[in-house]
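Input: a single structure, listed below in structure tokens.
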């Protein structure tokens, strides 16, 4: 069966990322890379995390060793506006914490939407991504 357009596009992205990241990824991960620490704000459905999963699988498939990607936190719009995104994040990705509002969270801690408890914002990330607003930006 021929690869789909999605497979081709994702494979192309993974190849490009491996080229940019260089030998560290292609030849195997050294500590502390065995546990890759990732977090995101304005996460939406967290497409960068899915791409990161594909990248770590490509590293493993190329003989580069096993990589554990820790999804430490995500955030989405506060209240009902971001409710379905937060539910999708929880159901599909289970990040360590889901913050209801990155602006109210601050740089050290915030309230985890899943538990309602204060959660310390993780540090020492290898990759942090911030999404773009999902609102329509077009004007007439």
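Evaluation of residue 116 against the conditions (1) under 13 Å from the mean Cα position of the chain (by Cα); (2) at pLDDT 85 or above shows that the sole unmet condition is (1).
Highlighted here are the strands (runs of 3 or more DSSP E) found entirely within the stretch 41-140 that include at least 1 residues which are touching a strand residue (DSSP E or B) at 6+ places or on another chain (Cβ under 6 Å), exposed (fewer than 13 other Cβ atoms within 10 Å of the Cβ) and free of Cβ contacts under 8 Å to residues at least 24 places away in the same chain: 118-120.
The values are calculated or read from the model by the stated rules, or taken from the named source; none is laboratory data. Because the structure is predicted, anything quoted here is derived from the model rather than measured. With ideal geometry, Cβ positions are generated from the backbone for all residues, glycine too; neighbour counts draw on all protein chains shown.
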